[in-house]
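The values are calculated or read from the model by the stated rules, or taken from the named source; none is laboratory data. Since this is a predicted model, take the numbers as computed values, not measurements. Quick reminder, even Gly has a Cβ in these numbers, built from the backbone with ideal geometry, and neighbours come from all protein chains shown. Quick note on the areas: whole protein, heavy atoms, side chains included, nothing else; ligands and nucleic acids left out. Shrake-Rupley method; radii C 1.70, N 1.55, O 1.52, S 1.80 Å.
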Amino acid sequence: MPRPKYKKNEKTAVDKIEDAFWKLLETTRYSCITVAQVVKLAGLNRNSFYYHFENMDDLAHTAVTDTMNPAAISVMVDAMNGKEDLAVTRTPEFKQSVERFCLIAGKNSSYGLRTMLTDALEQAWCKIVHVDPAKFTKKDKVIVSYLLGGTLSVFAYCADNNIEVPMEEILHSGLSKRVHETLLEIAAEQNAVA
């Protein structure tokens, strides 16, 4: 039997599978989510799942990576550079990314999922300020880990207490600017050594 044809304006199998994963993570611990639950909620079969993903961890990695969309990265850049108009934080796409960050940091997550998000955020931050994380000193790694830990704690607190993340307030609070300045200091030190 041939593969079903993709219909224009219809979600792809990957999109349906990822959406089902996120929906399940709202109510189910990651370690308890099964392929059978995902495909049932997605309205697909196991073959569709295994055509696109090796296992649940592969799906989770892809879903976390896809959550780091350009709009989310752009807002980080704008906020870190002191831009005042952060209207993009009110777009559905950005809000969805933040909600998913919260799910990854929240009580139904796992150490592995939180590590994936931490790594993705670290890469994004380093890209923003042109820092090579491979050149981090132990001190740099501790500082960046501290900054990322605080960020994940905010997402986890909001997720676990069913609070919408006040992104504009956070981004305008000066915290993001201080994070940016700290990363720039690390970049300057790396450039001085190079």
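List pairs: first in the range 54-75 and open to solvent by 10 Å² or more (accessible area, probe 1.4 Å), second among the acidic types (D, E) and at pLDDT below 90, Cβ under 7 Å, 6+ apart or cross-chain?
N69/E93; A71/E93
Could you grab me the full set of residues in the range 118-165 that are open to solvent by 50 Å² or more (accessible area, probe 1.4 Å), within 18 Å of L103 (Cβ to Cβ) and not in a helix (DSSP H, G or I)?
Answer for the range 118-165, where residues must be open to solvent by 50 Å² or more (accessible area, probe 1.4 Å), within 18 Å of L103 (Cβ to Cβ) and not in a helix (DSSP H, G or I): N161, N162, I163, E164.
To keep it simple, each residue is scored yes or no on (1) in contact with a Leu (Cβ under 6 Å, 6 or more places away or on another chain); (2) hydroxyl-bearing (S, T, Y).
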{"residue": "A134", "(1), (2)": "no, no"}
{"residue": "T137", "(1), (2)": "no, yes"}
{"residue": "S145", "(1), (2)": "no, yes"}
{"residue": "S153", "(1), (2)": "no, yes"}
{"residue": "N162", "(1), (2)": "no, no"}
{"residue": "L171", "(1), (2)": "yes, no"}
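With the condition kept exactly as written, say whether any residue in the range 162-171 is on the phi < 0 side of the Ramachandran plot, of a type in the set (A, V, I, L, M) and touching a Phe, Trp or Tyr at 6+ places or on another chain (Cβ under 7 Å). Before you say what the answer is, go through the steps one by one.
Step one: of the range 162-171, the residues on the phi < 0 side of the Ramachandran plot are 163-171.
In the following step, the residues that additionally are of a type in the set (A, V, I, L, M) were identified as 163, 165, 167, 170-171.
Applying the additional criterion that residues be touching a Phe, Trp or Tyr at 6+ places or on another chain (Cβ under 7 Å) yields 165.
Yes: one or more hits.
For K107, all conditions in the list (1) assigned to a helix (DSSP H, G or I); (2) charged (D, E, K, R); (3) at pLDDT 85 or above hold save one; what is the number of the exception?
Of (1) assigned to a helix (DSSP H, G or I); (2) charged (D, E, K, R); (3) at pLDDT 85 or above, only one is false for K107: (1).
Being within 14 Å of the chain's Cα centre (by Cα), touching a residue at least 60 places away in the same chain (Cβ under 8 Å) and buried (at least 18 other Cβ atoms within 10 Å of the Cβ) narrows it down to one of S109, S97, S176, so name that one. Lay out the reasoning, then the answer.
Details: S97 fails: touching a residue at least 60 places away in the same chain (Cβ under 8 Å); S176 fails: within 14 Å of the chain's Cα centre (by Cα).
Only one candidate passes the filter, namely S109.
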